[in-house]
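This report concerns only the one structure given below.
Derivation of every value follows stated rules applied to the coordinates shown; laboratory data play no part. Note that this is a predicted model, so its numbers are computed, not measured. Ideal geometry is used to build each Cβ from the backbone, glycine not excepted, and the neighbour counts take in all protein chains shown.
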Amino acid sequence: MRLSFLGTAAGQPSRERNVTALILAKDDSRDWYLIDCGEGTQHRLLGNRYTLNHLQVICVTHVHGDHMFGLPGLITSASMQGRQAPLIICAPEGVESFVRHALACAAVHEMSFELKFIRSDRADFRYLTVDFTITSHPLSHRVPCFAYAFEEHPESGNLEREKLQQLKVPRGPLWGLLQQGQAIILPDGRIIMPEAVKEPSPKPRLVVIGGDNDRPEILHEILTRTDLLVHEATFSTPVREKVGGQWMHSTPAQVGKAAEAAGVKHVILTHFSNRYQRRPKPGQSSIEELRAEVQAVYSGTVAMAADNCSWQLQRDGTLVEV
Ligand SMILES: [Zn+2]
């Protein structure tokens, strides 16, 4: 599973970071999923391998502008490019109304494709695609806000050629039946069970992508099965103590503790206050302060998101920057 960050700033853009948007794709697939769509997201897509024609689903975490003001522009561009397939938008209450009003006010009365909204703030929300099962998980923020879990469908293991040859299973349709998980009877009467000649199924990968949230521990249940958590870490603990909790954001230490308690293997932090710089000048705060804070309490892999950076959660469960 590949994640490409288009925007990683909290609240408003800076020179080095745009507001929130994240691409998720199944490995090398050109089909993709967009999680949040801050203003300017369509600019960040230019020159990217992902096109609006191959966009499958947009998931919106909450109604704040830095997470959805990019929707009307992106949707209108997809129509100008002649997209045909319906576009699914999974979002809490308010997002559909915002988008439809914006399009109506801009006199966009006809589009080349259908927009379909699905309310993700319902307890039974679950959306199945070719690649993933998507579920939503409530967070703690100033407005209703949700994390999205993307879980791969289980895949069956590959046939082990050596074992097939040892058991003298003739190459051909019988191999196909075994790959499909069926038992077979050989001409000499022996019965071969698929488990005897197949590698174990790979564990489906599960990625959780949070929205804004000041209590990462409320994701504990889903995090116990999660390989990779993408979560906001807007302020360091000292800054959060100074500014107070009214913005309802997390610190890196909070995210690290929640991930450690649930046994999550990898964490990517994002949605940083613009006071943190990647290359700070004297007197400025460094993004490395946030990294140090999470690493002090969390033993898994930590990555700090940056615009136009991508990571791959590989089949063997390792996380690599690509
Ligand atoms: Zn935000």
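For R205, which sequence-distant residues (separation of 5 or more, or a different chain) have an amide H within less than 5 Å of its own amide H, given hydrogens modelled in the peptide plane?
E152
How much FRET efficiency would the formula 1/(1 + (r/R0)^6) give for D188 and E162, where r is the Cβ-Cβ distance and R0 is 25 Å, rounded to 0.05?
In this case the efficiency is close to 0.80.
Just check region 57-108 against the gyration tensor rule for me: Cα atoms, a ≥ b ≥ c as the square roots of the eigenvalues, rounded for a/c under 1.5, and otherwise prolate or oblate depending on whether a/b exceeds b/c.
oblate
Taking Cα pairs under 8 Å and at least six residues apart, what relative contact order does the chain come out at, in percent?
Details: 689 pairs, mean separation 52.0, N = 322.
The normalised contact order for the chain reaches 16 percent.
Give, as a single signed number, the net charge of other residues whose beta carbon lies under 12 Å from the beta carbon of V130, with Lys and Arg counted +1 and Asp and Glu -1.
After counting each charged neighbour, the total is -2.
Give the long-range amide H neighbours of S285: residues separated by 5 or more places, or on another chain, with amide H under 5 Å away, using H modelled in the peptide plane at 1.01 Å from N.
So S285 has HN proximity to Q277.
What list of ³J(HN,Hα) couplings, whole Hz, do you get for region 64-78 from phi and the Karplus terms 6.51, -1.76, 1.60, once you set θ to phi - 60° and write x for glycine and proline?
4, x, 6, 10, 8, 5, x, 5, x, x, 5, 5, 5, 5, 4
Find the lysine pairs in the chain meeting two conditions, Cα atoms under 28 Å apart and a separation of 8 or more places or different chains, and report how many there are.
Value for the chain: 13.
Give the percent of DSSP beta bridges with both residues in the chain that are antiparallel, rounded to the nearest 5.
55 percent
Taking the Cα centre of the chain as the origin, how large is its charge dipole in debye, to the nearest 20, when only Lys and Arg (+1) and Asp and Glu (-1) carry charge on their Cβ atoms?
About 420 debye.
Please say if region 211-322 is rounded, prolate or oblate, where rounded means a/c under 1.5 for a ≥ b ≥ c the square roots of the C-alpha gyration tensor eigenvalues, and otherwise the choice is prolate for a/b larger than b/c and oblate otherwise?
Oblate shape, in that a/c is at least 1.5 and b/c is the bigger or equal ratio.
Which whole-angstrom value gives the distance between the alpha carbon centres of region 1-76 and region 111-150?
Each part's Cα centre sits 15 Å from the other's.
Averaging over all projection directions, find the projected area of the Cα convex hull of the chain and quote it in nm² with one decimal place.
Mean shadow area of the hull around the Cα atoms is 19.9 nm².
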